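Just below is one structure, and these are the notes that go with it.
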Amino acid sequence: LHVRSRRQRQMCIRDRAKDFPDTIIILNHTGLPSDRSKDGLNNWKSNMKQFSEQPNTALKISGICVPNKKWNSNLNKNIIKDSIDIFGYQRCMFASNFPVDGVISTFDEIFKGFKEIVSSMKDYEIKSLFHDNAIKYYNPK
């Protein structure tokens, strides 16, 4: 099951993860943390923690732009680091939201930012985020 969710729907999705423990549920676009106010981020983080409690959930880190602002590492670093802290590197993967994100940045700029943000992590953790987890969850043949 592949899900694109807003904050208010995450509780329902979490419940579906409980109801179907043998089904992997991948939350797209980092749970859409579009409200970057202190309260908005606290709500996002709380919802993400509750969703991540189910072991059959994973997270695609993508689509985390801020409306009307060019994508940059400083704007998105905390979202990415919090996401990895909440789910663990084993259940996160970087993904693209192109061509939509082309409005606020280039593909290369976004992926360069992803790499910069996780550069202090261990090589095997980085490889998991950029490759291994996608193979694990999507199992392309």
Look at the range 65-99 and say how many of its residues are of a type in the set (K, R) and at pLDDT below 95. 2
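Per-residue answers, yes or no, for (1) part of a loop (DSSP other than H, G, I, E, B); (2) open to solvent by 60 Å² or more (accessible area, probe 1.4 Å); (3) touching a residue at least 12 places away in the same chain (Cβ under 8 Å):
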site: R16; (1), (2), (3): no, yes, yes
site: I26; (1), (2), (3): no, no, yes
site: R36; (1), (2), (3): yes, yes, yes
site: D39; (1), (2), (3): no, yes, no
site: N42; (1), (2), (3): no, yes, no
site: C65; (1), (2), (3): yes, no, yes
site: S83; (1), (2), (3): no, no, yes
Within the range 44-63, residues of a type in the set (S, T, N, Q), under 23 Å from F130 (Cβ atoms) and crowded, with 19+ Cβ neighbours inside 10 Å come out as S52, T57, S62
Could you run through the range 111-132 and say how many residues are open to solvent by 50 Å² or more (accessible area, probe 1.4 Å) and either hydrophobic (A, V, I, L, M, F, W, C) or in contact with a Cys (Cβ under 8 Å, 6 or more places away or on another chain) (or both)? 1
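For the range 88-110, give me each residue that is under 12 Å from G63 (Cα atoms) and either open to solvent by 20 Å² or more (accessible area, probe 1.4 Å) or not in a helix (DSSP H, G or I) (or both).
Answer for the range 88-110, where residues must be under 12 Å from G63 (Cα atoms) and either open to solvent by 20 Å² or more (accessible area, probe 1.4 Å) or not in a helix (DSSP H, G or I) (or both): F94, A95, S96, N97, F98, P99, V100, G102, V103, I104, S105, F107.
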Out of (1) open to solvent by less than 80 Å² (accessible area, probe 1.4 Å); (2) modelled with pLDDT under 95; (3) under 19 Å from L27 (Cα atoms), the odd one out for I135 is which? (2)
Can you tell me how many residues in the range 46-63 are assigned to a helix (DSSP H, G or I) and farther than 15 Å from G88 by Cβ? 3
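The values are calculated or read from the model by the stated rules, or taken from the named source; none is laboratory data. Fair warning: this is a prediction, and the values are worked out from it, not measured in the lab. Cβ: placed from backbone, ideal geometry, glycine included. Neighbour counts: every protein chain shown. Ligands, DNA and RNA are excluded from the accessible area calculation, which covers all protein heavy atoms including side chains. Shrake-Rupley method; radii C 1.70, N 1.55, O 1.52, S 1.80 Å.
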